Amino acid sequence: MSSQGKGADKLVYMANQIGTFFKSQGEEAAVLGTAEHIRKFWDPRMRSAIFAHLDAGGEGLQPAVRKAIMSLKAAATPTPKAS
């Protein structure tokens, strides 16, 4: 079991399943497809939980899935305004 508990394990499994679906299209397509699927179909609590899992080391995430989640997290994080 991961450091984030069974809930994170299930999300990692689900995210990796999505990544596996897109894997045959090449790494770039797998990253983009996985990110788009998670953005469209996962509720905000699920996305927050997988971001927290990533922050805790992202144990168990396939490389393309890790990249997809990192890109989603970057897009969801507001950038500070310059003054």
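The values are calculated or read from the model by the stated rules, or taken from the named source; none is laboratory data. These figures come from a predicted structure and were not determined experimentally. Cβ placement follows ideal geometry from the backbone for every residue including glycine, while neighbour counts extend to all protein chains displayed.
Values as computed for the structure displayed
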quantity	calculated
Condition met for Gln25 (outside any helix (DSSP H, G or I) and either surrounded by fewer than 16 Cβ atoms within 10 Å (Cβ to Cβ) or among the hydroxyl-bearing types (Ser, Thr, Tyr) (or both))	yes
Single unsatisfied condition, Lys81 versus (1) in a helix (DSSP H, G or I); (2) at pLDDT below 95	(1)
Residue in the range 30-42 that is at pLDDT below 95 and within 18 Å of Ala8 (Cβ to Cβ) present	no
Scan of the range 36-83 for residues that are on the phi > 0 side of the Ramachandran plot and surrounded by fewer than 16 Cβ atoms within 10 Å (Cβ to Cβ), ordered by number	Gly57
Residue satisfying all of: in the range 45-83; of a type outside the set (Gly, Ala, Ser) and more than 12 Å from the chain's Cα centre (by Cα); farthest from Gly19 (Cα to Cα) among these	Lys81
Selected residue [in contact with a helix residue (DSSP H, G or I) (Cβ under 7 Å, 6 or more places away or on another chain), touching a residue at least 24 places away in the same chain (Cβ under 8 Å), not in a helix (DSSP H, G or I) and not basic (Lys, Arg)] from Gly19, Gly60	Gly60
